[in-house]
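The values are calculated or read from the model by the stated rules, or taken from the named source; none is laboratory data. Small disclaimer: the values here were computed from a predicted structure and weren't measured. With ideal geometry, Cβ positions are generated from the backbone for all residues, glycine too; neighbour counts draw on all protein chains shown.
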Amino acid sequence: MADDAARHPTLHDVAKAAGASKTSVSRYFGDERERLSSALQARIATAAAQLGFSPNRMARGLKGGHSQLIGMLVADIRNPFSVAVMHGVEQACRQRGYSLMLCNTDNDPAQERAHLELLSAYRVEGLVINPTGSSLPALDALAAQNTPTVLLDRRLDHAHRDMVGLDNVLAIDMALDHLAAQGYAEIFYLSEPAAQVSSRQQRLARFQAGVAQRGLHGDTHCHSPEESDASLRDALNAFLQRPATAPKAVLCANGNMTLAATRILQALEVRLGSTGLMGIDELDWCALIEPGITTLAQPTRAIGHSAVECLLQRQATPTRAIADIQHPPTLIARGSTRPHPTANLFGDS
């Protein structure tokens, strides 16, 4: 008796209680409910409610290829950008009747391959992936299942997939134009390592070209999260201590670097504004640090929604042209990049 009470009710149980066939009950919980009479639908609904029955959608998906699941792989779930875009993806999935299955790879190609195999086994109906940057043969298994795939923020060599992300060239141009207009002429560009990550490579290359085009002086520093803060502190301090005839500013390539730079500038007792600070990615705390940190906000909700819409369009028209959707950022100017009336001001050190 205990075993009977503990087991989940089945289609057979509902059919017996409703006085219906298993085929009719399956149709009721599938895509053919309208083929049943109103009276039969009512009996099945009542029997299912009384028994506490809910259909095994995963089993039905594996059998019929309609799991109603969208898979999402993020490279670093701790990154505020990943969290914000994930929220946009989940909202869009929910609005279109899908559920989101999320996996975090920690920028580890081995974890990425394992998660791709898992998502393939679950027969996800689409995949949004923020890849590690390596080539991904595991994507071929999903392609063989005709699973639409959208690359998020990062491109892959030789991977002809739809792409959604930030317009990185525009973002760096907007940042440099803003800093130059505010009177900053020496810019320290801080990024995580760019190797194998296309978005970082694009931003770094555009920064190096952009400072030359504008007659600015640019320094670059790539800092890995695994490195000690001491190396970054030394690099920043050397930049600040160097003699200059114009104000200096720090431009951060993402939210993680904005946080790292803010901590070090505070420890060095640098007054923000005299030394500029600007970051790509709007974070909640940026408005709370006096005098407020200037940012370029990514439209994460729009990016997430675009990714899901891309998947559904690819699902409906598999042969359509590859999409490359680049969203513009929004400048949020605050006191950390206050205007300088002359070019004879020095960054604090």
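The criterion of at least 1 residues that are touching a Ser or Thr at 6+ places or on another chain (Cβ under 8 Å), over 25 Å from Gln298 (Cβ atoms) and outside the structural domain of Ser82 (by TED's automatic domain parsing) is met, among helices (runs of 4 or more DSSP H) falling completely within region 134-246, by 229-241. Looking only at residues of region 271-316 that are over 20 Å from the mean Cα position of the chain (by Cα) and free of Cβ contacts under 8 Å to residues at least 12 places away in the same chain, we find that the one that is nearest to Ala175 (Cα to Cα) is Leu288. Within region 15-72, the residues that satisfy the criterion of being basic (Lys, Arg) and modelled with pLDDT under 75 are Arg57, Arg60, Lys63. Checked against (1) surrounded by 14 or more Cβ atoms within 10 Å (Cβ to Cβ); (2) farther than 17 Å from Ala261 by Cα, Gln213 passes all but a single condition, namely (1).
Would you say Leu251 is among the hydrophobic types (A, V, I, L, M, F, W, C) and outside any strand (DSSP E or B)?
Details: among the hydrophobic types (A, V, I, L, M, F, W, C): yes; outside any strand (DSSP E or B): no.
The answer is no for Leu251.
Would you please name the residue that is farthest from Leu331 (Cα to Cα), looking only at residues in region 289-298 that are modelled with pLDDT of 95 or more and not small (Gly, Ala, Ser)? The residue in question is Pro291. Contact annotation: residue pairs with Cβ atoms under 7 Å, 6 or more positions apart or on different chains, pairing a residue in region 23-35 that is under 18 Å from Ala47 (Cβ atoms) with a partner that is part of a loop (DSSP other than H, G, I, E, B) and modelled with pLDDT of 75 or more, are Ser24/Leu36; Arg27/Leu36; Tyr28/Leu36.
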